[in-house]
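Below is one structure, written out as C-alpha cells; the observations come after it.
The values are calculated or read from the model by the stated rules, or taken from the named source; none is laboratory data. Quick caveat: nothing in here was measured; it's all calculated off a predicted structure. All Cβ positions, even for glycine, are placed from backbone atoms using ideal geometry, and neighbour counts span all protein chains on display. For the accessible areas, the whole protein counts, side chains as well, though only heavy atoms, and no ligand, DNA or RNA atoms are used. Shrake-Rupley method; radii C 1.70, N 1.55, O 1.52, S 1.80 Å.
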Amino acid sequence: MTDTIYQTDALIASDIDAYLAAHRDKTLLRFITCGSVDDGKSTLIGRLLYDSKMIFEDQLSALEADSKRIGTQGQEIDFALLVDGLAAEREQGITIDVAYRFFATEKRKFIVADTPGHEQYTRNMVTGASTADLAVILVDARKGVLTQTRRHTFLAHLLGIRHIVLAVNKMDLVGYDQSIFDRIRLAYRAFASDLGITDFLALPISGFKGDNVATPSEHMPWYSGPTLIEHLEQVTVDAEADAARPFRLPVQWVNRPDLDFRGFAGLIASGTVRPGDAIRVLPSGRTSSVARIVTAGGDLDVAVAGQAVTLTLADEVDCSRGDVIAAAEAPPQVADQFEATLVWMADEPLLPGRPYWLKLATQRATATIQPPKYQINVNTMEQLAAKTLELNGIGVATLATDKPLVFEPYADNRTLGGFILVDKLTNATVAAGMLNFSLRRAQNVHWQALDVSREKHADLKNQKPAVLWFTGLSGAGKSTIANLVEKRLVLMNRHTFLLDGDNVRHGLNRDLGFTDADRVENIRRVGEVAKLMTDAGLIVITAFISPFRAERDMVRAMMAPGEFIEIHIDTPLAEAERRDVKGLYAKAREGKLKNFTGIDSPYEAPANPDIRIDTTAMTPEQAAALIVDRLFLGD
C-alpha cells in the first residue's frame, strides 16, 4: 500500500493531467458498514480512510499531532471521532442519520455509508443500503452473531446487495484466536444459508490495529485470503452487471431548448443504447428508434447503465416524465397491482387502505396497501400473522395504484423495482418497498365499456350527481341533519340515497371494527359505493365521522371535479358529549369503549370544508335549509 501511495504522489507531481484522467476512469464501488452497536464500524472506516491516505490534510495533521501527544491509542480513538456518523448528532441532540464518506485507492473509488447500529434506526440502515453494491457486516469477535447481525444481513439481502463481507472485528481483543473466528463464521453461514446467501467473504480483522484491513496481518498467519481493501478493489460492481441487462431509461424531463430539438433526459438504469436502436416507450407502448445520444460533452456513439444522457428519437412520440424508454424487443412490465415487500420506516403504523404517494424511479402514483399477508421475524425468519406494520417492521403485502406503473421485479432491476411510500399530508417517507411481481388479476381484469353513460343516467333524473359528505364528531348531529336534507331534496323531486355510518356497519362493513386501520377501510368502501351511485346519477348523502383528512381526500379524488361537497358538522366535544344520545361517550370515559373518536382516537377537522355548520348557532332544520339553499337553489 505504501509503494502505491508513493507511485500516485509521483504521478501527481509529474503529470497531473494523466493522474486526473486515470482517476476519472476508475470504477466506483458503493458499500455500507453495518452491524450491532459498538462493533467498530466507524473505527474501521477511519482505518480505511487513513490507510488509503485520502483524509483531508488538516484532519490528517490533527491525527498526527494527537498521536504524538497521547500515543498510538489516542490516534486510533480519533479515527472513530473523525468519521463517526453519530458523534456530531449526539452533540446536537438531533436524529441519528447516515454518514457518507468518499475515498479512493490506486484501483477504485469508493463511497461508504456509515450507518447506526441501534435497532430504532433500522430505517437509516435501509437508506444507506438502498444504493450499495456491497455490505460489510461487522461482528464483535467477543460477542459473535447478534440480533442486529441477522437483521442487517437480512435487509442487505432483501435490498439486493449481492456481495457480503462478514468482518469479524476486534480480533486483537481475543488474542487472534482462529477457533473463535471459525465458530463465528460457521454460525453466520448457518443463518445466511437459510436466507439463500451461499457466497460471502469471512474476514478476521482489527480496525483498531489495522490487521487485514489494508495489509495482511502478521498476527493471523492462518488466514490466507485477501485484505478488506483488496477485496473491495476486486469485487464486481453492480453497474458492470447492469450494463448487460436490457436497456431502460426512466424519463426525468423532456428537454426542448428550441423548436428543432426534443430530447428525453434521464439516468440509464440498465443496459446499453446506441443510435439506431429500436425502442419502446412505456406505458403507451409506442415504438421508435434512437436518433442521437446527447450529453454536455457532445454526442455519444454508445451509452451504458449509470450515465445521464438525453435521447432524441426518430419519430414524434408522446413521451413525458415518468415514462420509460426501453429496448423494443425486451420491454419491462406494466401493471397496477403488485405483491411487495415493505420495510416500515414511520413511527405511525401502516394503515391498510389509506392512500399514500408511491414513488418508483421517476413515476408517481397513489397507492393503497392491503393488510399484510405476513410479517417477518428477522431472528427466526418465521412468517407471522399481522394486520399492520409498526416501525422497522418488515412484511409482505399487496398494493394497488391508481394508474399503471412501468416496473420490473426488484430482484431483476433495483431502479424499476424499488419504491418509497410518502404520507400525503406530512410528505414524510413512511416505507421503502420492493416489488416482487404483478398480480395475475391485474392483467386479467379489464374495464368494460358501457353504452349507457353516467351522463345519460343523470339526464334521465334531470339532476347533477353529487356526494354530500357529512363529517363530525359522534353526536354532532350528522345523521339528523343529513336526514332532513334528504327529505327536502325529495320534495324537490331529486333522486337521492342516504348512506348512514351505523346502517352501513350492519351489512357492507359489519366485519370492521373501530381501529384506525378499520376506520380507513370503512371509508374506502363507502367511497367506492358512493362513486357507483353517482355513476347512476344519484345525489348521495353520507353521514360518517370519517375522522381522518387523508381518507376524506381519498374519496374526493374518486369523484368528478366539483361532485364532492364536504360538510363539517362542527360541534364542540363538550357539547357532543353533553348530548350523548347513544351513551357512547360515557362508555368511552369509563374505558369500556376503546378507539372512540374525540376520547382516545383523534378527529382531524376539515381545514377548508365546502360548508361549515355550527350546531351551537342554528337548529338542525335551519342547517338543512342552509345546505339545500346553498347547493341547489337555481339548479
Complete set of residues in the range 387-416 that are open to solvent by less than 70 Å² (accessible area, probe 1.4 Å), within 25 Å of residue 280 (Cβ to Cβ) and small (Gly, Ala, Ser): 400
Within the range 159-272, strands (runs of 3 or more DSSP E) holding 2 or more residues that are over 27 Å from the mean Cα position of the chain (by Cα): 163-169, 201-204, 253-258, 261-267
Matching residues in the range 203-251 - criterion: being over 30 Å from residue 409 (Cα atoms) and charged (D, E, K, R): 209, 211, 218, 230
Selected residue (only one of 561, 547 is on the phi < 0 side of the Ramachandran plot and in contact (Cβ under 8 Å) with a residue 12 or more places away in the chain): 547
Single unsatisfied condition, residue 305 versus (1) touching a helix residue (DSSP H, G or I) at 6+ places or on another chain (Cβ under 8 Å); (2) exposed (fewer than 15 other Cβ atoms within 10 Å of the Cβ); (3) of a type outside the set (D, E, K, R): (2)
Search result, residues across the range 314-348 that are aliphatic (A, V, I, L, M) and assigned to a strand (DSSP E or B): 324, 325, 326, 327, 334, 335, 340, 342, 343
Breaking point among (1) open to solvent by 30 Å² or more (accessible area, probe 1.4 Å); (2) under 17 Å from residue 368 (Cα atoms); (3) of a type in the set (A, V, I, L, M), for residue 532: (2)
Residue in the range 174-183 that is aromatic (Phe, Trp, Tyr), in contact with a Leu (Cβ under 7 Å, 6 or more places away or on another chain) and either in contact (Cβ under 8 Å) with a residue 60 or more places away in the chain or open to solvent by 20 Å² or more (accessible area, probe 1.4 Å) (or both) present: no
Meets criteria (crowded, with 20+ Cβ neighbours inside 10 Å, touching a strand residue (DSSP E or B) at 6+ places or on another chain (Cβ under 6 Å) and assigned to a strand (DSSP E or B)) for residue 311: yes
Test: residue in the range 616-624 that is over 30 Å from residue 401 (Cβ atoms) and touching a Ser or Thr at 6+ places or on another chain (Cβ under 6 Å): yes
Where a residue in the range 26-39 is open to solvent by 10 Å² or more (accessible area, probe 1.4 Å) and its partner, wherever it lies, is in a strand (DSSP E or B), with Cβ under 7 Å and at least six apart: 26/104; 26/108; 26/109; 27/108; 28/109; 28/111; 30/111
Pick from the range 98-108, criterion part of a strand (DSSP E or B) and open to solvent by 40 Å² or more (accessible area, probe 1.4 Å), ranking: modelled with the lowest pLDDT: 100
Residue match in the range 365-386 (condition: open to solvent by 30 Å² or more (accessible area, probe 1.4 Å), touching a residue at least 60 places away in the same chain (Cβ under 8 Å), within 21 Å of residue 509 (Cα to Cα) and hydrophobic (A, V, I, L, M, F, W, C)): no
Residues that are within 19 Å of residue 572 (Cα to Cα) and charged (D, E, K, R), drawn from the range 590-609: 600, 604
Subset of the range 274-289 [without any contact (Cβ under 8 Å) to a residue 40 or more places away in the chain, over 32 Å from the mean Cα position of the chain (by Cα) and either at negative phi or surrounded by 15 or more Cβ atoms within 10 Å (Cβ to Cβ) (or both)]: 274, 275, 288, 289
Where a residue in the range 307-329 is touching a residue at least 40 places away in the same chain (Cβ under 8 Å) and its partner, wherever it lies, is open to solvent by 30 Å² or more (accessible area, probe 1.4 Å) and among the aromatic types (Phe, Trp, Tyr), with Cβ under 6 Å and at least six apart: 321/253
Those residues of the range 184-201 which are within 16 Å of residue 138 (Cα to Cα), among the aliphatic types (A, V, I, L, M) and either modelled with pLDDT of 95 or more or open to solvent by 20 Å² or more (accessible area, probe 1.4 Å) (or both), in sequence order: 184, 186, 187, 201
Residue 432 closer than 16 Å to residue 358 by Cβ, open to solvent by 10 Å² or more (accessible area, probe 1.4 Å) and either touching a Gly at 6+ places or on another chain (Cβ under 8 Å) or at pLDDT 90 or above (or both): yes
Strands (runs of 3 or more DSSP E) contained in the range 365-431 and holding at least 2 residues of a type in the set (Ser, Thr, Tyr): 394-407
Search result, residues across the range 483-510 that are over 21 Å from residue 626 (Cα atoms) and either in contact (Cβ under 8 Å) with a residue 12 or more places away in the chain or aromatic (Phe, Trp, Tyr) (or both): 501, 502, 504, 505, 508, 509
Residues (out of contact with any His (no Cβ under 8 Å at 6 or more places or on another chain), β-branched (Val, Ile, Thr) and within 20 Å of residue 146 (Cα to Cα)) located in the range 189-228: 198, 205
Of the criteria (1) touching a residue at least 40 places away in the same chain (Cβ under 8 Å); (2) more than 28 Å from residue 523 (Cβ to Cβ); (3) touching a helix residue (DSSP H, G or I) at 6+ places or on another chain (Cβ under 8 Å), which one residue 394 fails: (2)
